[in-house]
Amino acid sequence: MKIKILTFGIAREICGGSSIQADVPEGTTAAALKHHLAQQFPRLAGLASFLLAVNEEFAADDTLIHPGDEVAIIPPVSGG
Amino acid sequence: MNLFLKLSDTPLDIHSCIREVESPSCGGIDVFIGTVRDATQGKRVLRLEFEAYEKMALKEMRHIAEKAFERWPLQAFSMHHRTGVLAVGEVAVIIAVSAAHRAAAFDACRFAIDTLKESVPIWKKEVFEDGEVWVAAHP
């Protein structure tokens with residue numbers, strides 16, 4: 001399945017656009033998608049942290065990704 | 001719950017944030033104002049650029065407010081955050097919390113800014129004379 005992934009901050013610069021597409025098998029977990037993304041964009045793995053959000057909530061490693069989910073890469077936050 | 005959340009790409013208004021939490025039953029309002037500092041580790045900062053995942057940022061801000069209401073007897077809670085380009089001295093964030101007694105307002109306000117910095121998907125880039133850095137991005 002093709003998943004659209006939003007990117008922000010330094011992740012947007014690393015991935016080269018405000019959204020990217022990943023092609024992953026059905027039943028992919030957040031942890032597996034992170035692994036896939038870190039292979040494609042090794043600089044993500046060098047960040048102080050690198051989390052995914054699914055449907056605007058932080059995803060646990062075992063969160064399942066479904067077609068149509070809104071997925072986002074969350075690099076280390078620095079608001080305030 | 002009286003809670004007020006705002007993300008804005010235009011200058012924040014301190015007094016409107018405070019007015020949102022005013023109430024006859026509160027005995028104190030605690031306010032935190034975060035502003036753009038002119039230097040980081042001795043390097044002169046020209047400006048900050050804030051970016052937010054807006055829908056999720058507002059959700060996380062709501063989670064913080066809800067947790068604060070669970071933990072302290074609060075009257076009202078307001079959190080405003082800027083996005084976009086900010087010059088030195090500009091206001092990046094305002095948090096105002098009202099309660100019947102000051103201890104709850106102080107503690108909840110501190111909790112709110114500390115948690116915002118940990119969990120709300122907002123990012124800032126520091127722009128220096130000789131380069132730029134996404135804050136906290138690297139270990």
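The values are calculated or read from the model by the stated rules, or taken from the named source; none is laboratory data. Given the structure is predicted, the values throughout are model-derived calculations rather than measurements. Here Cβ is always computed from backbone atoms with ideal geometry, including for glycine, and neighbour counts include all displayed protein chains.
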Check your understanding: For the stretch B:42-79, how many residues meet the condition of being within 14 Å of chain A (Cβ to nearest Cβ) and either small (Gly, Ala, Ser) or assigned to a strand (DSSP E or B) (or both)?
Key -> 8
Review point. For the stretch A:1-74, which fully contained strands (runs of 3 or more DSSP E) count at least 3 residues that are out of contact with any Asp or Glu (no Cβ under 9 Å at 6 or more places or on another chain), at pLDDT 95 or above and under 21 Å from B:Leu58 (Cβ atoms)?
Key: A:71-74
Point to revise | Unmet requirement for A:Glu56, which otherwise passes all of (1) at positive phi; (2) more than 10 Å from every other protein chain (Cβ to nearest Cβ); (3) surrounded by 14 or more Cβ atoms within 10 Å (Cβ to Cβ) | key: (2)
Point to revise | Which listed residue is of a type in the set (A, V, I, L, M, F, W, C) and within 14 Å of another protein chain (Cβ to nearest Cβ), from A:Leu37, A:Leu64, A:Leu44 | key: A:Leu44
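Rundown of residues vs (1) at pLDDT 95 or above; (2) at positive phi; (3) surrounded by 15 or more Cβ atoms within 10 Å (Cβ to Cβ); (4) not hydroxyl-bearing (Ser, Thr, Tyr), yes/no style:
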position: B:Pro24; (1), (2), (3), (4): yes, no, no, yes
position: B:Gly28; (1), (2), (3), (4): yes, no, yes, yes
position: B:Val31; (1), (2), (3), (4): yes, no, yes, yes
position: B:Gly34; (1), (2), (3), (4): yes, no, yes, yes
position: B:Asp38; (1), (2), (3), (4): yes, no, no, yes
position: B:Gln41; (1), (2), (3), (4): no, yes, no, yes
position: B:Leu48; (1), (2), (3), (4): yes, no, yes, yes
position: B:Glu51; (1), (2), (3), (4): yes, no, yes, yes
position: B:Glu60; (1), (2), (3), (4): yes, no, yes, yes
Review point. With the stretch B:80-139 as the region, which strands (runs of 3 or more DSSP E) entirely inside it contain at least 3 residues that are within 14 Å of another protein chain (Cβ to nearest Cβ) and farther than 24 Å from B:Ile29 by Cβ?
Key: B:122-128, B:131-134
Exercise for review: Hey, can you tell me all the residues within the stretch B:106-130 that are closer than 18 Å to A:Ile73 by Cβ and not hydroxyl-bearing (Ser, Thr, Tyr)?
Suggested key: B:Glu118, B:Val120, B:Pro121, B:Ile122, B:Trp123, B:Lys124, B:Lys125
Study note, to complete from the structure: Counting only residues that are within 15 Å of B:Val93 (Cβ to Cβ), of a type in the set (D, E, K, R) and in a loop (DSSP other than H, G, I, E, B), the stretch B:5-41 contains a total of 3
